Amino acid sequence: MKKVLIFTAGFGEGHNTAARSIRDAIEHIAPDDARVEVLDLFESCYGRLNDLVRKAYLAAINRAPRVWGKIYEWLDNSTMVETNLAALARMRNALADVLRTVEPDAVVSTYPVYNYLIDEIYSDGRERNFSQITVVTDSISINSVWYRGFSDYFLVPNEQTAEVMRNAGIPQERLRVFGFPVTHRFADLAASGSRSIPGSGPKKVLYMINSGKKQAPRLLRKLLKLDDIELTITVGRDIALRNQIEAVVRSSERKVQIFGWTNKMPELLHANHLVISKAGGATVQETIAARCPLIISQIVPGQEEGNARLILENDCGAHSIDPDETVEWVKKAFEKKCELWHSWFEHLAPLSRPAASLDIARFVLSQSAPENAPIRRLTAFEKPTFQPTKKLLLCDLHTHTVYSDGKLTVREIVDFYGQRGFDALCVTDHICDPTKFIGKVSNLSGLVLTPDQVPEYFETIEEEKKRALDKYGLILMTGLEFNKDGLTKKTSAHLLAVDLKAPIDPGLSIKDTIKEIHKQGALAIASHPHEFQTTWGKDTLYFWENIEQFAPLLDAWEIANRDDIYNPVGLKKLPFIANSDFHKPKHIYSWKTMVHAEKDPEAIKQAIRVNRDVAITLYRDHKIGFGYGDVEQPARLDESLPGSLLHFNEPAAIQVRA
């Protein structure tokens with residue numbers, strides 16, 4: 001079993017996109033022969049400080065691009081990284097622990113700083129027993145930070161970038177041109193022949209609004225005046241921007257698709273004929289992979305200059321400096337039977353490498369060192385097997401992801417719980433009652449599932465279920481937390497639905513919602529039904545105040561939620577479970593449910609319904625590693641993110657209902 005570690009950082013989405021795409025590709029082509037994990041040690045080691053630095057970086061490139069351009073130029077011509085590694089001592093130590101513990105066969109970096117830390121770790125002359133591969137996520141304007149640190153190979157997105165690095169002194173034998181590792185779904189779409197070509201019908205334009213927000217309403221108004229244009233807009237998680245865009249659309253009476261955060265970008269790019277967006281690394285490379293011509297609306301000085309040059313020098317798009325010029329380029333693209341569009345489309349062909357992540361995955365596996373000695377015991381890299389017998393199952397049935405107010409994606413939360421040996425996990429993102437005032441306000445917050453996101457939410461979790469089971473032996477279930485908030489705590493209720501098969505209208509009454517949950521064979525659970533003691537938040541006492549009505553209807557009540565234990569639930573002898581109400585990594589250290597049952601969703605649910613062989617445990621984990629010489633967990637990793645390699649330990653306490 002080959003072991004691959006991929007290191008990334010959240011300073012620009014291109015690094016994370018590349019890391020996740022390579023991981024997914026390796027798991028796609030070698031599910032039984034390799035195990036791969038993505039780690040962001042900046043986030044793991046520095047937590048809130050990393051968040052502040054990342055926000056400062058984003059503010060600099062979006063609000064003061066010229067200032068950032070000067071900083072970028074200074075980094076290119078200085079040795080600041082090499083001479084200030086002492087500032088990253090915590091991360092260096094964590095990286096050394098991970099390399100020593102995991103003993104990877106290959107280390108892939110999509111962010112260059114890791115190479116400098118590895119250089120320092122092995123500065124004593126010890127031999128590196130892994131292949132070291134750097135995936136360069138920028139094009140043409142390559143900062144020297146990328147290649148001043150050692151790497152066995154540099155994988156670059158195009159020949160122009162390879163030429164830049166050859167001129168900088170990188171030997172040809174250490175360079176490989178594979179393309180940018182976009183998700184392998186681009187390869188699937190390319191093979192399917194589903195690429196949309198403009199014909200006699202409406203021309204489809206995708207406007208991805210990101211940092212150029214000030215110009216967005218003005219540009220949108222002008223685009224809406226164009227006849228024969230079918231417009232789709234993405235606004236990310238910016239609710240204020242979405243409200244502004246929706247107001248503009250309403251005033252035009254034109255039909256426009258508006259997306260918030262979505263993981264359907266490959267499909268959107270293949271369905272549209274033209275993209276308007278900034279010259280971000282991931283954006284440019286994804287449009288190239290989909291052969292969707294790009295009109296660049298903004299260029300951040302430094303790394304984005306090379307991305308723009310890639311589009312302009314290969315004549316597969318345009319750059320506009322204001323909304324009027326953007327609209328003119330849209331008109332030119334589609335006039336004269338789309339002559340310019342077809343020219344751009346043909347020029348994209350030699351650049352487009354939709355299967356780049358798969359090619360990179362094969363290369364990484366080919367460069368992995370020989371297999372290590374046999375594994376000494378079960379690890380997170382092994383594929384579990386199961387027996388159809390009862391066992392003690394560790395469960396968390398109340399968790400949140402980025403689809404509402406959580407910090408992790410669905411995939412990340414699967415990895416986070418899977419690496420810790422959990423047996424069952426239910427994702428239960430918030431959804432609000434739009435018939436209530438608070439529900440209407442909450443739907444504008446960006447912190448709850450909106451109606452347009454629900455189908456994607458169900459589809460995303462469904463797609464993760466097989467990987468969770470195959471890789472970790474983790475049963476993944478789809479759920480929702482129905483927020484039925486009133487103006488007071490006694491009129492507010494949160495209702496968990498565990499193991500749903502299809503969406504449920506959040507505007508139904510509580511009793512009707514419970515009926516619909518039960519029709520799907522799912523569990524209806526009272527979430528934090530009593531007063532919080534240790535967690536800030538609005539109490540939700542409606543179920544408790546109306547216990548006579550709801551005790552016969554509900555399958556279970558949370559007797560513990562994160563750090564709170566609700567003794568009255570126990571005194572009433574109500575069926576109980578315990579959950580973390582997980583929003584971010586440190587919430588893992590909280591109350592959980594343990595069920596003695598067969599490892600099967602129906603068996604788990606039935607045990608909870610009858611409330612026999614159910615226990616609660618205060619979860620703790622104390623070790624780091626995959627079983628390759630465990631070491632005590634350093635304090636610096638106490639709040640580590642997915643991929644931090646924490647190992648599940650025995651429960652600290654247990655309460656059993658006979």
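Laid out as a table, the results:
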quantity	calculated
Residues of region 473-502 that turn out to be out of contact with any Lys or Arg (no Cβ under 9 Å at 6 or more places or on another chain), farther than 25 Å from residue 530 by Cα and not hydrophobic (A, V, I, L, M, F, W, C), as a count	1
Every residue from region 245-297 that is part of a loop (DSSP other than H, G, I, E, B) and over 23 Å from the mean Cα position of the chain (by Cα)	253, 254, 255, 256, 272, 273, 291, 292, 293
Where residue 508 falls short, out of the listed (1) in contact (Cβ under 8 Å) with a residue 40 or more places away in the chain; (2) outside any strand (DSSP E or B); (3) more than 30 Å from residue 391 (Cβ to Cβ)	(1)
Neighbours by Cβ (under 6 Å, 6+ apart or cross-chain): first from region 580-595, in contact (Cβ under 8 Å) with a residue 12 or more places away in the chain; second in a helix (DSSP H, G or I)	580/587; 595/604; 595/607
In region 298-321, residue surrounded by the fewest Cβ atoms within 10 Å (Cβ to Cβ) [restricted to those that are part of a loop (DSSP other than H, G, I, E, B) and modelled with pLDDT under 90]	321
Test: residue in region 224-240 that is at positive phi and at pLDDT 85 or above	yes
Test set (1) under 20 Å from the mean Cα position of the chain (by Cα); (2) under 20 Å from residue 582 (Cα atoms); (3) surrounded by fewer than 23 Cβ atoms within 10 Å (Cβ to Cβ); (4) modelled with pLDDT of 85 or more - residue 466 fails condition number	(2)
Residue in region 154-213 that is farthest from residue 342 (Cα to Cα), counting only those that are of a type in the set (Phe, Trp, Tyr) and either more than 26 Å from the chain's Cα centre (by Cα) or not in a strand (DSSP E or B) (or both)	178
Check on residue 479, in contact (Cβ under 8 Å) with a residue 24 or more places away in the chain, in contact with a Cys (Cβ under 7 Å, 6 or more places away or on another chain) and small (Gly, Ala, Ser)	yes
Among (1) modelled with pLDDT of 90 or more; (2) assigned by TED's automatic domain parsing to the domain that holds residue 275; (3) hydroxyl-bearing (Ser, Thr, Tyr) - the single one residue 196 does not satisfy	(1)
Every pair of residues 6+ apart whose Cβ atoms lie under 8 Å, when the first sits in region 342-369 and is under 16 Å from residue 290 (Cα atoms) while the second is of a type in the set (Asp, Glu)	343/315; 344/315; 347/315; 353/359; 357/24
Number of the exception - residue 586 against (1) at pLDDT 95 or above; (2) part of a helix (DSSP H, G or I)	(1)
The lone exception for residue 218 - which of (1) assigned to a helix (DSSP H, G or I); (2) surrounded by 15 or more Cβ atoms within 10 Å (Cβ to Cβ); (3) among the basic types (Lys, Arg) it fails	(2)
Residue count, region 472-490 (criterion: touching a helix residue (DSSP H, G or I) at 6+ places or on another chain (Cβ under 6 Å), crowded, with 16+ Cβ neighbours inside 10 Å and part of a helix (DSSP H, G or I))	1
Test: residue in region 368-389 that is modelled with pLDDT of 90 or more, part of a loop (DSSP other than H, G, I, E, B) and at negative phi	no
Looking only at region 9-30, and only at residues there that are of a type outside the set (A, V, I, L, M, F, W, C) and touching a Lys or Arg at 6+ places or on another chain (Cβ under 8 Å), the one that is surrounded by the most Cβ atoms within 10 Å (Cβ to Cβ)	20
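Results for (1) surrounded by 20 or more Cβ atoms within 10 Å (Cβ to Cβ); (2) within 26 Å of the chain's Cα centre (by Cα); (3) under 30 Å from residue 51 (Cα atoms), shown as yes or no for each residue.
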{"position": "559", "(1), (2), (3)": "yes, no, no"}
{"position": "562", "(1), (2), (3)": "yes, yes, yes"}
{"position": "573", "(1), (2), (3)": "no, no, no"}
{"position": "576", "(1), (2), (3)": "yes, no, no"}
{"position": "580", "(1), (2), (3)": "yes, yes, yes"}
{"position": "585", "(1), (2), (3)": "yes, yes, yes"}
{"position": "595", "(1), (2), (3)": "yes, no, no"}
{"position": "610", "(1), (2), (3)": "no, no, no"}
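The values are calculated or read from the model by the stated rules, or taken from the named source; none is laboratory data. Please read all numbers here as calculations on a predicted model, not as lab measurements. Glycine also receives a Cβ, built like all others from the backbone with ideal geometry; neighbour counts cover every protein chain displayed.
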